[in-house]
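Report on the following structure.
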Amino acid sequence: MGADALTSPASPAATGWTPDQPIVSIRDVRKSFGAVEVLKGVSFDVRKGEVICVIGPSGSGKSTLIRCVNALVGIDSGSITVAGREVNDPKLDKLALRRTVGMVFQQYNLFPHRTALQNVMMAPVQVLKQDKREVEARARALLAKVRLSGKEDAYPGELSGGQQQRVAIARSLAMRPEVMLFDEVTAALDPETVKEVLVTIRELAEEGMTCILVTHEMGFARSLADHIYFTDRGVIVEHGPPAEFFAAPKDERTRAFLGQIL
Amino acid sequence: MTGRPLAVLLPVASPAPRSFPKLTLVHCVGIVGALALVGGAAHAQGAPAAPSAFEVIFKWSPLLLQGFLFNVAISLLAMTLGTVAGLALGLAQIGTNRPLARVAWAATQFFRNAPWLVLLFFAMFMIPFQFRIFGYVIPFPDWVKAVIGFSLPVMANVSEILRGAVRSLPSGQWEAAESLAFSRRQTLWRIILPQCVKRMLPPWMNLYSLVTMATVQASIVGVSEMLTLTSEVHAAEGGRPELLAPLYGFAMLCFFLYCYPIGRLTQRLERRFNVKS
């Protein structure tokens, strides 16, 4: 994609962001749900085109963290900027933010009353009010890109988990995001369909899409990520390039976690 | 003891395919026949000149069926009015305007937990028999008040059905829509509510059956619907006790023939929608 760079008000230029700055910058983010502090001061940067994997045990705040990036979850303190846009700003233009950040969920969350093609077309047509025919052409191309040509008119209920998840990826891409968030997108899939989804994400990453993934697929993280962050109980315990991180984990908790999972 | 295992140790028969006995026209005719027989037996001991229950029902059936149509009309109007009001109330309940949502919730609970007959009395005695607007006099006959009276519980139930349907959708639908930059209003109208229609249809049809059967309560406040007419027909035939069962049996049959297919259809829809959303 990207060849037809339609200018949009969501483009980073509008916010004073320049490509030499991190596209996502997370600074000392804290978040509590009731009495439970889920994020206890998390910071990291993501540069444009980078692929970041966040790993860690269940309940360590990974999903909450990436939900903060597109303001699905509000933060209590700290700062998150996405392409120069402060997420914690009460005057935040959420629409613009969410055009910049795409998200794919563990449970696919396709709209079951709409076909695959309609799922992909809905947001650009209804939210961005883009031309329907132009969007349809783009949606068909996106479905072809995720290898789902011929499934345009299928309803989500008629597709396998892996197919649904690829529709969800195409749906997100149809908004032409700058950053993609993947929240354990293969965790609900059958082992044999995990691969087809990972292949799609890999292609996306290799095309230069900025990706933040929460994942349990260690092999995938190792081979694809530019940087790994290990979270436990709301903090980043350890991080580093995959080769270093997996070969010689320094922290006790990281070693215990990797020992369990690998 | 024989070698047979104790019955209690046998595996419980799987309850999966519950097949209901299908009621067909034959059964219905049977029911009517039985009722007529009861009447007929009583008739045999009565005065020899009195017409049989069949003859009475046949003679009065145009009037009685007209009464039944009135019940149907009241139920349809109450359902329409109640559904429109209930959808508005339900939307207010799930809305972001907190005070409005509170009021809508309270109204829903109030009308949902009041006996229908009390609401009917309430409507009968609180609503004036006519309104005067800009010099025009709009009459409010009893049956219109009955429609309003029945629409109140319908409204409350539809409101709750809507709220339940919206709540029953997985939160992931809201999250996905939000992450695609849909506004809350767009999410509700484009994504959530279209999915709720299917979920709301079976309970809504159920409610309609209940309303239809409840319309006979209007006889208590003097609306000349089927039950009122049945009682009048009975009086006109000299109030013979042996006519009671056949006459009211006929009324029952009419309601049954009307409501039973709705119930079947509701079940079928429920089963179909349950398969997979």
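The values are calculated or read from the model by the stated rules, or taken from the named source; none is laboratory data. Predicted model, so just to flag it, every value in this text is computed and none were measured. All Cβ positions, even for glycine, are placed from backbone atoms using ideal geometry, and neighbour counts span all protein chains on display. Please note that ligands, DNA and RNA were not included when accessible areas were found on the heavy atoms of the full protein model with its side chains. Shrake-Rupley method; radii C 1.70, N 1.55, O 1.52, S 1.80 Å.
Tabulated data for the structure shown
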| quantity | calculated |
| --- | --- |
| Yes/no for A:Ala187 being farther than 19 Å from A:Glu203 by Cα, outside any strand (DSSP E or B) and either of a type in the set (Gly, Ala, Ser) or touching a Lys or Arg at 6+ places or on another chain (Cβ under 9 Å) (or both) | yes |
| Search result, residues across the range B:166-206 that are open to solvent by 10 Å² or more (accessible area, probe 1.4 Å), more than 13 Å from chain A (Cβ to nearest Cβ) and aliphatic (A, V, I, L, M) | B:Met200, B:Leu201, B:Met205 |
| The range A:30-58 - residue that is open to solvent by 40 Å² or more (accessible area, probe 1.4 Å) and touching a residue at least 60 places away in the same chain (Cβ under 8 Å) and, of those, farthest from the chain's Cα centre (by Cα) | A:Glu37 |
| Test: A:Asn109 is in contact with an Asp or Glu (Cβ under 9 Å, 6 or more places away or on another chain), open to solvent by 10 Å² or more (accessible area, probe 1.4 Å) and at the interface with another protein chain (Cβ under 10 Å from one of its Cβ atoms) | yes |
| Residue tally, condition of a type in the set (Ser, Thr, Tyr) and surrounded by 20 or more Cβ atoms within 10 Å (Cβ to Cβ), over the range B:225-264 | 1 |
| Of all residues in the range B:52-80 being open to solvent by 20 Å² or more (accessible area, probe 1.4 Å) and β-branched (Val, Ile, Thr), the one that is farthest from B:Val144 (Cα to Cα) | B:Ile57 |
| Residue within the range A:233-248 that is more than 19 Å from A:Glu184 (Cβ to Cβ) and among the acidic types (Asp, Glu) present | yes |
| Long-range neighbours under 8 Å by Cβ, at least six apart or interchain, first residue on the phi < 0 side of the Ramachandran plot within the range B:250-275, second surrounded by 14 or more Cβ atoms within 10 Å (Cβ to Cβ) and of a type in the set (Lys, Arg) | B:Phe273/B:Lys198; B:Phe273/B:Arg199 |
| Every residue from the range A:112-132 that is crowded, with 23+ Cβ neighbours inside 10 Å and facing chain B (nearest Cβ under 10 Å) | A:Asn119, A:Ala123, A:Pro124 |
| In the range A:143-161, residue farthest from A:Arg85 (Cα to Cα) [restricted to those that are surrounded by fewer than 22 Cβ atoms within 10 Å (Cβ to Cβ) and away from chain B (no Cβ under 14 Å)] | A:Gly150 |
| Cβ-Cβ under 6 Å pairs, at least 6 apart or on other chains, the range A:224-238 side aromatic (Phe, Trp, Tyr), far side part of a loop (DSSP other than H, G, I, E, B) and at pLDDT below 95 | A:Phe230/A:Gly56 |
| Scope the range B:139-164; condition without any contact (Cβ under 8 Å) to a residue 60 or more places away in the chain and open to solvent by 70 Å² or more (accessible area, probe 1.4 Å); matching residues | B:Pro139 |
| Subset of the range A:89-103 (residues that are within 9 Å of chain B (Cβ to nearest Cβ) and touching a strand residue (DSSP E or B) at 6+ places or on another chain (Cβ under 9 Å)) | A:Ala96, A:Leu97, A:Val101, A:Gly102, A:Met103 |
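Residues checked against (1) in a helix (DSSP H, G or I); (2) in contact with a Pro (Cβ under 7 Å, 6 or more places away or on another chain); (3) closer than 24 Å to B:Pro194 by Cα:
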residue	(1), (2), (3)
A:Val73	no, no, no
A:Pro90	no, no, no
A:His113	no, yes, yes
A:Gln130	no, yes, yes
A:Leu142	yes, no, no
